[in-house]
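See below for the structure under consideration.
The values are calculated or read from the model by the stated rules, or taken from the named source; none is laboratory data. Just so we're clear, the structure is a prediction, and the values are computed from it rather than from any experiment. Cβ sites come from the backbone with ideal geometry, for glycine too, and all protein chains shown count toward neighbours.
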Amino acid sequence: MAFSFNFNISSQLKQSCNNDTLDEKEENENQDTTKNQSKAKETSAPKKVKEAQEHKYTPDLFSHIENSVPETVTIGALPPLLYLNESVFEQTAPERDDAEKVLSQTITQNSDLITGVYEGGLKIWEGTHDLLEYVDDEGKTFSGKRVLDLGCGAGLLGILALKRGASKVHFQDYNSTVIEQLTIPNVFLNCEEEGGDENKGDEDGSPAPKRRSMEKNLTLADRCSFFSGDWVSFLTLIQSQDPTLKYDLIFTSETIYNTDYYPSLHAVFHKLLSEHGVVYLATKSHYFGVGGGLYLFERFVEEKNVFQIKSLRELDQGLKRHIVSLRFKKSLS
Ligand SMILES: C[S@@+](CC[C@H](N)C(=O)[O-])C[C@H]1O[C@@H](n2cnc3c(N)ncnc32)[C@H](O)[C@@H]1O
């Protein structure tokens, strides 16, 4: 099948080029990539970025957990991973704190994605399951690793890394609603499970078992940070917090559906992956109706000439799905 390499990246590129986080070389390459774009596109107003922010856990987030009935993903030898099901949000949207109005909009528009408004983080996409299966099959552990779950949604990949010994896990999602209403509660749900016998309850009037074990596990949360916002602005925020921070591992599932976002996604990998680090990316071959997919992303990465992209797994049920890795070319020579 022939794919044309004709990204509509002008607006995103302008954000990127105005941003200190892309180095000069990357800016020049991006300008080359877009030189054939139409004048109309070049002069169109840049899209607003969704400003990145860090989210701290607050006790009121625990109330969602205490009243919820979580579901569990169980894959092979992986620890069970608990999560709040999307239907919980549909039922409780009016009562929830949703400044972005994401919950109400997804329900009224019945849509998994509203570009620039809601990027799909409330449901768990197939790529997350594929990556979990891959990690299970390969028997990977993450002891001492610094991990980024990029475009995390429910955050199951980051949670697994946390459970398997990562020293630091950062969770990023475009939407603050997703981070606050889903990712953070899911992390604490899973921390709570680790309380073991602490969860069995007691008769002496001490705090409710769930809350007590969550408080106990706040130390586990010291290893986590949570961020919302656009990748351009996320990169700026992270680098302003710690200019030396690099991740050993970046998980990213179903995040290459929109070619507009390729420059900022690539910049995050380029600036935040450690020299010998690896990106594990799960994707479909093609995202109908949105336009991106593996082949276009591969072409983009090859043109940038920074990473080697390698196929790790192909799944052929229905629409083809893939797991690929990215490593710095210079680390392989
Ligand atoms: C289709 S969802 C996948 C969610 C999750 N990784 C999964 O597999 O279930 C895509 C995710 O990528 C993130 N994302 C997409 N475009 C983004 C952008 N331009 N800036 C920041 N995050 C973005 C969103 O946060 C969203 O949760």
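Filter segment 103-116 for residues that are at negative phi, within 11 Å of the ligand (Cβ to nearest atom) and in contact (Cβ under 8 Å) with a residue 12 or more places away in the chain and give the result. Give the steps one after another, and end with the answer.
First, the residues of segment 103-116 that are at negative phi: 103-109, 111-115.
This time we only want the ones that are within 11 Å of the ligand (Cβ to nearest atom), so: 112-113, 115.
If the condition is that a residue be at negative phi, within 11 Å of the ligand (Cβ to nearest atom) and in contact (Cβ under 8 Å) with a residue 12 or more places away in the chain, then 113, 115 are the ones that fit.
Taking the conditions (1) of a type outside the set (Phe, Trp, Tyr); (2) assigned to a loop (DSSP other than H, G, I, E, B); (3) within 16 Å of the ligand (Cβ to nearest atom); (4) modelled with pLDDT of 95 or more in turn, residue 245 satisfies each one other than (3). Considering (1) at positive phi; (2) surrounded by fewer than 16 Cβ atoms within 10 Å (Cβ to Cβ), the lone condition that residue 311 does not fulfil carries the number (1). Residue pairs whose Cβ atoms lie under 9 Å apart, sitting 6 or more positions apart in sequence or on different chains, and linking a residue in segment 243-263 that is in contact (Cβ under 8 Å) with a residue 40 or more places away in the chain and β-branched (Val, Ile, Thr) to a partner that is assigned to a strand (DSSP E or B) and away from the ligand (no atom under 15 Å from the Cβ), are 250/273; 250/277; 250/278; 250/326.
Can you find a residue in segment 70-89 that is among the hydroxyl-bearing types (Ser, Thr, Tyr) and at pLDDT below 70? It would help to see each step written out before you state the result.
Taking segment 70-89 as the starting set, the residues that turn out to be among the hydroxyl-bearing types (Ser, Thr, Tyr) are 72, 74, 83, 87.
Next, from what is left, pick out any that are at pLDDT below 70: none.
Within segment 70-89, not a single residue is among the hydroxyl-bearing types (Ser, Thr, Tyr) and at pLDDT below 70.
Of all the listed residues (186, 190), the sole one being more than 14 Å from the ligand (Cβ to nearest atom), buried (at least 20 other Cβ atoms within 10 Å of the Cβ) and among the polar types (S, T, N, Q) is 190.
From the list 283, 255, exactly one residue is of a type outside the set (Phe, Trp, Tyr), under 14 Å from the mean Cα position of the chain (by Cα) and in a strand (DSSP E or B). Which is it? Steps first, please.
Values: 255 fails: in a strand (DSSP E or B).
Being of a type outside the set (Phe, Trp, Tyr), under 14 Å from the mean Cα position of the chain (by Cα) and in a strand (DSSP E or B) holds for just one of 283, 255, which is 283.
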